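Working notes, structure below.
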Amino acid sequence: MPKQAALRRYAGIWLAWTAAGLFYSTQDYLPRFYRNEPASLLYMFTGWMVPMYICAVVTPALLWAGRVWPITQSGRALNIARHVASSAAFAAITIGLETLVFFKLGNIPLISKAGSFANAYRLMLVYGFHGAVLRYWAVIGLQAIYRASRAARERERESLLLQIRSAELNRQLASSQLQVLKSQLHPHFLFNTLEAISSMIRLGEQRNAETMIERLSNLLRAARSSVMDPIRSTFLDDQACMLIVFSKVNVWAICRCNRRISSSLSSILKRPKPSGSQYANHFCSSLTK
């Protein structure tokens with residue numbers, strides 16, 4: 001797999017430089033064709049494709065230089081200075097290779113008239129140095145843009161993973177809170193609640209008893225819904241609703257118990273003072289009514 005990825009990368013490099021060569025060769029040929037000037041398409045094609053393919057050969061070295069001396073991190077000024085020197089060396093080397101190839105082909109009139117390689121090289125430096133430097137910086141700039149874009153995608157991916165993790169933790173926290181709430185719905189709680197409702201009915205507090213029954217029903221319905229639909233039960237609104245109803249039911253039960261104790265104490269205090277054992281027996285029997 002790494003070998004196939006490297007082959008695809010090199011193929012992409014060659015295709016990119018081929019497209020650039022075709023663009024510049026047609027750009028150079030079409031104006032001359034429009035002005036009816038003598039121009040050879042083969043001459044234009046060769047004059048542009050040779051430097052582009054030489055650039056394709058040395059592009060891996062340029063990409064290595066871009067990785068070693070990044071221009072988007074700390075030490076940017078020093079790395080830019082290094083790239084300036086490297087771009088000049090790149091231009092000198094690639095122009096030398098171009099001159100050598102054109103000398104071998106012999107189909108470039110400008111090179112053929114130079115007479116010697118040294119003269120042709122100096123002529124090529126005059127005409128092609130700045131273009132070679134621009135090609136160097138085009139590669140470095142595109143690499144920097146690509147790396148910055150990839151870093152941004154990585155940051156977005158990490159942010160998304162953190163959000164997912166945070167949502168999962170919130171879900172687990174909500175689930176644990178719900179389990180704690182459900183665990184309090186034990187038989188002792190139900191017994192106290194039903195006992196409080198029974199006391200209300202015996203005392204004629206029908207409206208309070210109905211309210212108590214309604215709230216207990218809502219609490220049991222919410223607990224059943226959370227069991228039947230665990231995904232929905234993770235929402236905080238449902239849990240808050242259950243907690244409010246549960247609290248109200250507990251308050252009613254505690255109030256009823258306090259009222260029973262208060263009434264029992266009041267009845268005991270109003271009666272003649274009995275002996276210690278009679279007092280204890282009467283108090284216990286009043287609590288069990």
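One residue alone among Ile164, Ile145, Ile80, Ile140 is more than 19 Å from Val50 (Cα to Cα) and in contact with a Gly (Cβ under 6 Å, 6 or more places away or on another chain), and that residue is Ile140. Could you give me the residue pairs with C-beta distances under 7 Å whose first residue belongs to the range 4-31 and is farther than 21 Å from Tyr43 by Cα, whose second residue is in a helix (DSSP H, G or I) and of a type outside the set (Val, Ile, Thr) wherever it lies, and which are 6+ apart or on separate chains? Within 7 Å, the pairs are Ile13/Ala56.
Each residue in the range 1-17 was checked for being of a type in the set (A, V, I, L, M) and surrounded by 14 or more Cβ atoms within 10 Å (Cβ to Cβ), and 2 pass. Restricting the range 18-30 to residues that are modelled with pLDDT of 85 or more and either among the aromatic types (Phe, Trp, Tyr) or more than 16 Å from Gly128 (Cα to Cα) (or both), the residue that is surrounded by the most Cβ atoms within 10 Å (Cβ to Cβ) is Tyr24.
For the range 117-140, a residue qualifies if it is surrounded by 13 or more Cβ atoms within 10 Å (Cβ to Cβ) and either among the small types (Gly, Ala, Ser) or outside any helix (DSSP H, G or I) (or both), and the qualifying residues are Ala120, Gly128, Gly131, Ala132, Ala138.
The set of residues from the range 195-221 being more than 27 Å from Gln179 (Cβ to Cβ) and of a type in the set (Lys, Arg) comprises Arg202, Arg207.
Residue pairs whose Cβ atoms lie under 8 Å apart, separated by 6 or more positions or on different chains, with the first residue in the range 95-117 and among the acidic types (Asp, Glu) and the second surrounded by 16 or more Cβ atoms within 10 Å (Cβ to Cβ) and assigned to a helix (DSSP H, G or I), are Glu98/Val50; Glu98/Pro51; Glu98/Ile54; Glu98/Met124; Glu98/Gly128.
The values are calculated or read from the model by the stated rules, or taken from the named source; none is laboratory data. For clarity, every value in this text was computed on a predicted model and none was experimentally measured. All Cβ positions, glycine included, derive from the backbone under ideal geometry; neighbour counts span all protein chains shown.
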